[in-house]
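Trainee: Input: one structure, supplied below.
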Amino acid sequence: MADLFIGASIPEVRVTPDKYLTARYAGASGDFNPIHIDEDFARAVGLPGRILHGLWSMAQVARAQTEAAGGPEHLKRLSVQFRGMGVPEQEVLVTGTVREAADGRATIDTVAEQDGKQIIRNAEAEITI
Amino acid sequence: MPVNTQAIGKTYSPTLYAVGREKIKEYSRAVGETNLVHLDHEAARAAGYADVVAPPMFAVVYCAPSVGPPIFDPEIELNFAMMVHGGQEFEWGPVVVAGDEITTTASVKDISEKDGRGYYVFESISVNQRGEQVCRGTWTDIVRGV
């Protein structure tokens, strides 16, 4: 488990979704919205191309918490706002800072970004420590 | 055009989701989990769990049958073509493991309008076969141009 004192950074998560990740995540999650898996459809509705599922990106934010805390049972709450769009084949970086830590619980402020642009912002996690 | 707020408080029929070991593994691989408690049932048992453990965000899988239909409920008049997923919150209770049966009930928590955008907030409550609340989800969808 990471040392989670106020002001500490949690270990960052870096992951590069490959070209076919959105297809695998669609199958795994059941979310087959074509903006995530069909390049032609995505462009036709004004997107730059297929975009990442926001809930996949949120799962990376969640993974940063469970890895910092030492297991899945430690994550008690996570709230996020989806902003911007994530795209395949570009590294996603998740970083977080401990805002509060008391009585066996810590609150972590987290963001996920791609190429310097936030794709998940104002993420707030509560974990048991 | 103002948003229709009459559906606030509406609750939908519960849905049942049976959590499968291979589905947890498939989901865990797709989100890049490396912790073996999500990927190997023997490792999970050695760590004290009954079977492979669902990552917390697996909630989107067992909630999906429940939170999908309200978006298309004609009583809500949500313009799906103009909708984006604006925000998401989950609160978790005991972990979910393969073999669990999760019952999820969705409801309309709030509908409002601000600066030409409609805000549709749905809530999902998921309980396991022992009646323990394993997850409460708050799903905020934003519709442009209402």
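Trainee: Can you find a residue that is of a type in the set (A, V, I, L, M) and outside any helix (DSSP H, G or I) anywhere in region B:26-46?
Mentor: Initial filter on region B:26-46 (of a type in the set (A, V, I, L, M)): B:30-31, B:36-37, B:39, B:43-44, B:46.
From the residues that got through so far, the ones that are outside any helix (DSSP H, G or I) too are B:31, B:39.
Yes, region B:26-46 contains a residue that is of a type in the set (A, V, I, L, M) and outside any helix (DSSP H, G or I).
Trainee: Next question, about the same structure. Considering (1) on the phi < 0 side of the Ramachandran plot; (2) not in a strand (DSSP E or B), say which one residue B:106 fails and leave the rest.
Mentor: (2)
Trainee: Being touching a helix residue (DSSP H, G or I) at 6+ places or on another chain (Cβ under 6 Å), part of a loop (DSSP other than H, G, I, E, B) and open to solvent by 40 Å² or more (accessible area, probe 1.4 Å) narrows it down to one of A:32, A:41, A:5, so name that one. Explain how you work it out, then say what you get.
Mentor: Numbers: A:41 fails: part of a loop (DSSP other than H, G, I, E, B); A:5 fails: touching a helix residue (DSSP H, G or I) at 6+ places or on another chain (Cβ under 6 Å).
Result of the check over A:32, A:41, A:5: A:32.
Trainee: Sort out which residues of region B:47-70 are assigned to a loop (DSSP other than H, G, I, E, B), open to solvent by 20 Å² or more (accessible area, probe 1.4 Å) and either β-branched (Val, Ile, Thr) or more than 15 Å from residue A:66 (Cβ to Cβ) (or both), and write them in order of number. Walk me through it before giving the result.
Mentor: Initial filter on region B:47-70 (assigned to a loop (DSSP other than H, G, I, E, B)): B:47-52, B:54-55.
Retained after the next criterion (residues that are open to solvent by 20 Å² or more (accessible area, probe 1.4 Å)): B:47-50.
Hits for region B:47-70 are B:48, B:50.
Trainee: A further question follows. Going through B:113, B:101, B:91 one at a time, which residue ends up being under 14 Å from the mean Cα position of the chain (by Cα) and open to solvent by 20 Å² or more (accessible area, probe 1.4 Å)?
Mentor: B:91
Trainee: Here's another thing I want to ask about it. Residue check, residue B:104 against (1) of a type outside the set (A, V, I, L, M); (2) within 17 Å of residue B:134 (Cα to Cα); (3) within 10 Å of chain A (Cβ to nearest Cβ), all met but one. Which one?
Mentor: Every condition holds for residue B:104 apart from (3).
Trainee: On the basis of being in contact with a helix residue (DSSP H, G or I) (Cβ under 8 Å, 6 or more places away or on another chain) and either at pLDDT 95 or above or assigned to a loop (DSSP other than H, G, I, E, B) (or both), does residue B:112 make the cut?
Mentor: Values: in contact with a helix residue (DSSP H, G or I) (Cβ under 8 Å, 6 or more places away or on another chain): no; either at pLDDT 95 or above or assigned to a loop (DSSP other than H, G, I, E, B) (or both): yes.
Spelling it out, it is not the case that residue B:112 is in contact with a helix residue (DSSP H, G or I) (Cβ under 8 Å, 6 or more places away or on another chain) and either at pLDDT 95 or above or assigned to a loop (DSSP other than H, G, I, E, B) (or both).
Trainee: Given (1) under 15 Å from the mean Cα position of the chain (by Cα); (2) under 19 Å from residue A:72 (Cβ atoms), identify the lone condition not met by residue B:50.
Mentor: If we test residue B:50 against (1) under 15 Å from the mean Cα position of the chain (by Cα); (2) under 19 Å from residue A:72 (Cβ atoms), just (1) comes out false.
Trainee: May I pose another question? Give region B:128-144 a look and list any residue that's closer than 19 Å to residue B:11 by Cβ, surrounded by fewer than 18 Cβ atoms within 10 Å (Cβ to Cβ) and either free of Cβ contacts under 8 Å to residues at least 40 places away in the same chain or touching a Cys at 6+ places or on another chain (Cβ under 7 Å) (or both), or say none.
Mentor: B:131 - this is the single residue of region B:128-144 that is closer than 19 Å to residue B:11 by Cβ, surrounded by fewer than 18 Cβ atoms within 10 Å (Cβ to Cβ) and either free of Cβ contacts under 8 Å to residues at least 40 places away in the same chain or touching a Cys at 6+ places or on another chain (Cβ under 7 Å) (or both).
Trainee: Here is a follow-up. Keeping to region B:85-102, report how many residues are in a strand (DSSP E or B), out of contact with any helix residue (DSSP H, G or I) (no Cβ under 9 Å at 6 or more places or on another chain) and under 30 Å from residue B:45 (Cα atoms).
Mentor: 3
Trainee: Here's a check for you: in region B:3-19, which residue that is closer than 25 Å to residue A:23 by Cβ and either among the polar types (S, T, N, Q) or open to solvent by 30 Å² or more (accessible area, probe 1.4 Å) (or both) is nearest to the chain's Cα centre (by Cα)? Lay out the reasoning, then the answer.
Mentor: Taking region B:3-19 and keeping what is closer than 25 Å to residue A:23 by Cβ, we get B:17-19.
Those left that are additionally either among the polar types (S, T, N, Q) or open to solvent by 30 Å² or more (accessible area, probe 1.4 Å) (or both): B:17-18.
Working: B:17: 11, B:18: 14 Å.
The residue in question is B:17.
The values are calculated or read from the model by the stated rules, or taken from the named source; none is laboratory data. All figures in this text were calculated on a predicted structure; none of them were measured in a lab. Positions of Cβ are generated from backbone atoms using ideal geometry, with glycine treated the same way; all protein chains shown enter the neighbour counts. The accessibility values were calculated without ligands, DNA or RNA, using every heavy atom of the protein model including side chains. Shrake-Rupley method; radii C 1.70, N 1.55, O 1.52, S 1.80 Å.
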